[in-house]
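The next block holds one structure in the form of structure tokens; read it before the comments.
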Amino acid sequence: MKLKELERPAVQVWSPASQCPVYLATGTSAQQLDASFSTNGTLEIFEVDFRDPSLELKCKGVLSASSRFYKLIWGSFGNGLLEASGVIAGGGNNGMLTLYNVTHILSSEKEPVIAQRQKHTGAVRALDFNPFQGHLLATGASDSEIFIWDLNNLNVPMTPGSKSQYCEQPPEDIKALAWNRQVQHILASAHPSGKAVVWDLRKNEPIIRVSDHSNRMHSSGLAWHPEIATQLVLCSEDDRLPVIQLWDLRFASSPLKVLESHSRGILSVSWSQADPELLLSSAKDNQILCWNLGSGEVVYKLPTQSSWCFDVQWCPRDPPVFSAASFDGWISLYSVMGRSWEVQQIRQADKISSSFSKGQPLPPLQVPEQVAQASSIPPLKKPPKWMRRPAGVSFAFGGKLVTFGLPSTPAHQVPQPCLRLVFVSQVTTESEFLRRSAELQESLGSGNLLNYCQNKIELTSLQSEKMLWQFLKVTLEQDSRVKFLKLLGYSKDELQKKVATWLKSDLGLGESPQSKGDDHSNRQQVFCSQASKHITEEASASSTFFDELVPQSMTPWEIPITEDTDGLLSQALLLGELGPAVELCLKEERFADAIILAQAGGADLLKQTQECYWAKKKSRISSLLACVVRKNWKDMVCTCSLQNWREALALLLTYSGPEKFPELCDMLGMRMEQEGGRALTSEARLCYVCSGNVEQLVECWARCHQASSPLALQDLMEKVMVLNRSLELLRGPDGVSSGPATTYRVTQYANLLAAQGSLATAMSYLPRDCTQPPIQQLRDRLFHAQGSGVMGQQCPPFPFPRVVVGATPHSKETSSYRLGFQFSHQVPTPSLRPRIFTPLVTPLTPSHSSPYQSSRMHNISDYGSPGPQAAQPLPLGPGVRPGPQDSLKNAPVPRTNLQRKKLPETFMPPAPITTPVMSLTSEPRGVLSSQPSVPGVGHAPPGAPGELSLQQLQQRPPEKVERKELPPEHRSLKISFDKLLRRCSLSAADLKTKRKLDEAAQRLECLYEKLCQGTLSPHVLAGLREVARCVDAGSFEQGLAVHAQVVGCSSFSEVSSFMPVLKAVLTIAHKLHT
């Protein structure tokens, strides 16, 4: 691909690889004349900016020269005398060598000419700077003259040897000079006679001569191998032998390889320093070829030029770029990363069209086909070395690090074929995390979790963490409620001691010591008289008679008959009117008398009396007394001060029954999270530990730790595993199930363990009964990543749907597909809920079936006819919503019968679709409004499945039969939202609102599908549960606030399919409610 072009009859040279930006220097060519026949010379420097899409080069410096140039060379010499831009050396007529300061040419401030020397007798056609010692310059001219110049001292150049050492024949021109790229004291020269001489400057003599035995070589170019010190190439400009010869000095009797693709003599060659396999050549056949020296083939070919190209050069800094100077006066820049010139042609055509259009677009240009094909440049057949990775690294599953690299030995010294090594290493970055995970795994395996919890208590410095581990330890012990109370600071033994001390104390009773003593003696006499009852029974009969007749210590009592309160109270008691008597006592605030009388009047009177007492008697402890007597613990949890959360939890531990205790603890914990701030959020974990709610414990942790580190996740898993083990001991292994938040964190923990190389440990933590796709996929990867380490375990099911390639549907099936909706209308019974399977009629059986295919062959069946089982309806699960239609005519059809208008003869069914397809059936509007109410559906409390009778099941076909059942933990969400939709549809009066509700019912299927797949994050699930709770309570405004909060902290891609429609439903419900 052409990048830039410049119209100059000049020779060229690139700036060194260290130079930035990239420059291209041109000097007027001594071998060309323009129309003016001028002999003046010019040296120009152009900046090469590939960011500019135009083909022009920007001129940065111009200098008039006294003579024209045969050769230019740009070196990076600079030792403080010169600037860092380097030196340009130019070879001219009459043996003139000129050195230019590049910086001065660019700045035009100082004299750019460093020196001029005329030591040669003829034209200086060969120049080269030493790549190791930048101050050494080799020049070659006529009469076999070679000089080595030291730029630090240009007075006396050095000669590599006398002419008699290499001039056995008449002297000839030096066509090319080149320093060796690996050995700094080796120099080679090429001669028109076809020979090359290699000089050793240490010995100051030629060490070897290379020549072709055909005597038809006419050398025009020379280049050393960039990496192999003993190899070089020679090219011939003789039309009788237009070849490039690759020589190795260790075997100099004949060339190693001969490249023959040019039809006429070769004028120049250039060896890529970035990729030793690439060699450029230009010849008199108007072609520029790029060779692969390894295979000897042409890998890149420019279109035929209109004139000879006498010089090609690779760009030292930009490897794919090269320049070509031709005799027609153009210098062009190309890239071997070729493609067609179509882009440049279009750009050039647009540029011309803009000059001729006059505001009107020109008709499209019809390019002849042969011209378009000729402009196409094929790319390199093999990636060049600069694009190949010298080394590579990639992390693999299980904490494996896979690396590769080039061998340390040079490529030419590596035997062929060579084995390339790939290293697989185990990377461990979290040593502390692995140590703690191993401790947890050991404790879980041995069952010694009590000591594990005790060690955690001793090692934890934070009081909140210490308390949490103490609670977790108690869950593993017997009589946990009593021990929970002790941890909260309440003990029955301590209470009895405190009460006894208080009763014996003289302080706090509010009486004099004498009265206290009398009262104490009276109580002691009563106790003694009761304790010595058996002694009084042995007394004399006369004594006993008089004692019973008139008690010695009692006086006769009177019944008041006055008209005051006591009198009225006496009359009520005499008549048995306990109710009015209690009212009199309450009015006079004789509460003790009122309660005593109410106990004799029955439970209802006692309850009314207690309520009146609590209404009139307000004290610091009256609310607590009311809770204990009423046993209304839910109100206590909702209304008590959060500063007394410990006392509230102690009340639940003491009085609450085992059925309501977990729910009440969860309510207290959730209230602490919502209203108590960050401090109480941490303490709320104790409530979840008491209730055994692992899911809420995990969600609480997630709210406290926005960014989970490995050690923080390890802390969570330690608590979760200990609590799960205590629940297993209490309920059994089958009584513990993981919620979505717990499953997500366990999966995250297993992934982290797998990344550290603990594959077996990671697999042991995955829930075995979970059917969520991420869990199944991770289990499958862990199983196969362990290799032979899990041979004793059963292979997990394949976590992806299978598609049978090459199956041909039966004609009967094709006809059933084509029936479409008509087939579904004719069935007399509700259609079956389709199973996920892949049709297979005529499979292509491989010679060796895989274990996955053999294990799943029983899932493959006929896709067209359901068979005799189609007449029996399947029972609906609690998570399947009943359909809205009342007749079989509008019964929804399975997904396999939708949109089957035209099918080819050979039809390959796609993979099973697991996302709901909306608006495919011709259902009438107003679905929700026309749906009859079914008893038991939509009216169950959250979490309870709806109940349908067998007759109702047979009469009501399912609406979304292809969707899987909702997990039990999410059914309450569906029940709440469906009930809200029905209520709104029944209350809505206008058709527009009903239509919105119908669309909302369909779009909410996206939510239910995500719930089935388990792809929602824990905080979104928690927000949906809170919205459902607000919906059940009729607080739609609060539900909208929660909705806004969830949307604000969630990913758009996660909630965009269902959150907007949920907001619309809540808004409609709020308007209808108000």
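The values are calculated or read from the model by the stated rules, or taken from the named source; none is laboratory data. Not measured: the values here are computed from a predicted model. FYI the Cβ positions are ideal-geometry reconstructions off the backbone, even for glycines, and counts take in every protein chain you see. Note: accessible area is taken over every heavy atom of the protein model, side chains too, but ligands, DNA and RNA are not part of it. Shrake-Rupley method; radii C 1.70, N 1.55, O 1.52, S 1.80 Å.
Would you point out the residue of the range 966-985, among those that are in contact with a Pro (Cβ under 9 Å, 6 or more places away or on another chain) and open to solvent by 10 Å² or more (accessible area, probe 1.4 Å), that is farthest from Thr742 (Cα to Cα)? Per the stated criteria, the residue is Ile975. Here the range 394-426 is the region considered, the condition is being open to solvent by 100 Å² or more (accessible area, probe 1.4 Å) and at pLDDT 80 or above, and the residue that is farthest from Gln786 (Cα to Cα) is Leu421. Out of curiosity, is Val233 crowded, with 21+ Cβ neighbours inside 10 Å, more than 30 Å from Ser18 (Cα to Cα) and not hydroxyl-bearing (Ser, Thr, Tyr)? No, not satisfied. Among the numbered conditions (1) in contact with a Gly (Cβ under 8 Å, 6 or more places away or on another chain); (2) open to solvent by 10 Å² or more (accessible area, probe 1.4 Å); (3) outside any loop (DSSP other than H, G, I, E, B); (4) not hydrophobic (A, V, I, L, M, F, W, C), the only one that Tyr300 does not meet is (2). Just one of the listed residues (Val582, Val629) is more than 25 Å from Lys492 (Cβ to Cβ) and either of a type outside the set (Ser, Thr, Tyr) or not in a helix (DSSP H, G or I) (or both), and it is Val582. Which pairs turn up if I take residues in the range 560-588 that are within 17 Å of Gly602 (Cα to Cα) and look for partners that are among the β-branched types (Val, Ile, Thr) with beta carbon separation below 6 Å, at least 6 apart in sequence or on another chain? Pairs found: Val582/Thr609. May I ask you to list the residues in the range 747-782 that are among the hydroxyl-bearing types (Ser, Thr, Tyr), out of contact with any Ser or Thr (no Cβ under 8 Å at 6 or more places or on another chain) and crowded, with 21+ Cβ neighbours inside 10 Å? Correct list: Thr747, Tyr749.
What is the one condition in (1) closer than 23 Å to Glu227 by Cα; (2) more than 48 Å from the chain's Cα centre (by Cα); (3) open to solvent by less than 20 Å² (accessible area, probe 1.4 Å) that Ile266 does not satisfy? Result: Ile266 passes all but (1). Listed by position, the helices (runs of 4 or more DSSP H) enclosed by the range 432-508 that each have at least 2 residues that are more than 23 Å from Cys665 (Cα to Cα) and at pLDDT 85 or above are 449-459.
Picking from Glu659, Glu699, Glu663, which residue would you name as being open to solvent by 30 Å² or more (accessible area, probe 1.4 Å), farther than 20 Å from Glu439 by Cβ, part of a helix (DSSP H, G or I) and not aliphatic (A, V, I, L, M)? Walk me through how you get there before you give the answer.
Values: Glu659 fails: part of a helix (DSSP H, G or I); Glu699 fails: open to solvent by 30 Å² or more (accessible area, probe 1.4 Å).
Answer to the check: Glu663.
Evaluation of Arg51 against the conditions (1) basic (Lys, Arg); (2) farther than 23 Å from Asp318 by Cβ; (3) not in a strand (DSSP E or B) shows that the sole unmet condition is (2).
Flag: Ser142 does not match the condition of being in a loop (DSSP other than H, G, I, E, B), buried (at least 19 other Cβ atoms within 10 Å of the Cβ) and of a type in the set (S, T, N, Q).
In the range 1027-1044, of all residues being over 11 Å from Ser976 (Cβ atoms) and buried (at least 19 other Cβ atoms within 10 Å of the Cβ), the one that is nearest to the chain's Cα centre (by Cα) corresponds to His1043. Would you confirm whether any residue within the range 186-200 is at pLDDT below 90 and either basic (Lys, Arg) or open to solvent by 40 Å² or more (accessible area, probe 1.4 Å) (or both)? The answer is yes; a qualifying residue exists.
When we screen Leu649, Leu668 for residues that are in contact (Cβ under 8 Å) with a residue 60 or more places away in the chain and buried (at least 19 other Cβ atoms within 10 Å of the Cβ), the only hit is Leu649.
Here is a check on your reading of the model: is Ser85 at pLDDT below 90 and not β-branched (Val, Ile, Thr)? Don't jump to the end; show me each part of the working.
On the way: at pLDDT below 90: yes; not β-branched (Val, Ile, Thr): yes.
It is true that Ser85 is at pLDDT below 90 and not β-branched (Val, Ile, Thr).
Taken together, the criteria exclude Ser708 from residues that are open to solvent by 10 Å² or more (accessible area, probe 1.4 Å), closer than 18 Å to Leu444 by Cα and not in a helix (DSSP H, G or I).
Of all the residues in the range 101-126, those that are closer than 18 Å to Ser15 by Cβ, in a strand (DSSP E or B) and open to solvent by 10 Å² or more (accessible area, probe 1.4 Å) number 1. Can you pull out the residues in the range 471-486 that are open to solvent by less than 50 Å² (accessible area, probe 1.4 Å), of a type outside the set (Phe, Trp, Tyr) and over 17 Å from Glu728 (Cβ atoms)? Residue satisfying the conditions is Leu485 alone. Only one entry of Arg240, Arg202, Arg216, Arg209 meets the criterion of being touching a residue at least 12 places away in the same chain (Cβ under 8 Å), outside any loop (DSSP other than H, G, I, E, B), of a type in the set (Lys, Arg) and more than 21 Å from Trp74 (Cβ to Cβ), and that entry is Arg209.
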